[in-house]
1. Evaluate the distance, in nm, between pseudo-label points positioned 7 Å from the Cα of residue 146 and of residue 62 along their respective Cα→Cβ axes.
2. In square nanometres and to one decimal, what's the mean projected area of the convex hull around the Cα atoms of the stretch 37-107?
3. Whole Å is fine, so just give me how far the alpha carbon centre of the stretch 117-135 lies from that of the stretch 73-103.
4. For Cα pairs less than 8 Å apart in space and 6+ apart in sequence, what is the mean separation divided by the residue count of the chain, i.e. the relative contact order in percent?
5. Please give the charge dipole size of the stretch 100-145, origin at the Cα centre, charges +1 on K and R Cβ atoms and -1 on D and E Cβ atoms. Round to the nearest 20 debye.
6. Between the stretch 1-33 and the stretch 137-173, what is the C-alpha centre distance in whole Å?
7. Mind sorting 146, 28 by how few other Cβ atoms lie within 10 Å of their own Cβ, fewest first?
8. Let me understand the stretch 93-171 better: what is its radius of gyration from the alpha carbons, and its Dmax, in angstrom?
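Derivation of every value follows stated rules applied to the coordinates shown; laboratory data play no part. All of these numbers come straight from a predicted model, not from anything done at the bench. Neighbour counts run over all protein chains shown; Cβ positions are idealised from the backbone, glycine included.
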Amino acid sequence: MRIVLLGPPGAGKGTQAVRIAGEFGLPHISTGDIFRENVKSQTELGAEAQAYMDRGDLVPDSVVNRMVADRLERADCGHGFLLDGYPRTVPQAEELERVLDERGTPLDAVLRFEIEEDELFARLTRRAELEGRTDDTSTVIANRLHVYRTQTAPLEAFYAQRDLLRDVEAAGSVDEVTAHAMKVLPSR
Ligand code: B4P
């Protein structure tokens, strides 16, 4: 099973990714988590990514594409994977398609998490209080939502054209959203 989770910041992708990956025994690949780990351990990649993340901008495609292609080479991706937060631009989606076509392992589904912006702000503001993430301030949240609308939302049409897009109602409790996601996933 090869799945992509698509949705605005705060829609619950990361939260649901852990559950779905656990249910299907898939490696959970979160580009946001990989960047945060690199920032924390002060690697070159982390230094390159940090300024973009702190502004709520996207890390350049060339950097993200290379990082994900390397990750997908690892043995644990042999039977599938769950991508959380990648792709986020059309060039990233085209590159992922190229890499997977080359191996003859296309995607099975792209889950689009749908939710009102007011709820996104509320969730991210709550997380700022709990975790203190530097990109959860109101100015940066507003920029991340703008970046989603302008750079990531076009992926919805990209994947709809390929008949891969599945809508998931992302308001409601964590358990309710998991139930919605499970309903639209291909059967094992
Ligand atoms: P991400 O880590 O992907 O950040 P995100 O979009 O905010 O998603 P996240 O998974 O954290 O939040 P979630 O919606 O689960 O990316 C961070 C940054 O990294 C980007 O801004 C960018 O700079 C860079 N980056 C990452 N990938 C990139 C790429 N492909 N290309 C370029 N740059 C890239 O959850 C949000 C909150 O809501 C949580 O606190 C959660 O507990 C809560 N929540 C979840 N479900 C809920 C529910 N049902 N009810 C109430 N609260 C809920």
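1. 2.6 nm
2. It is 5.2 nm².
3. Result: 28 Å between the Cα centres.
4. Relative CO of the chain lands at 33 percent.
5. Charge dipole, the stretch 100-145, about its Cα centre: 160 debye, nearest 20.
6. 14 Å
7. 146, 28
8. Just the Cα atoms of the stretch 93-171 yield Rg and Dmax of 15.7, 44 Å.
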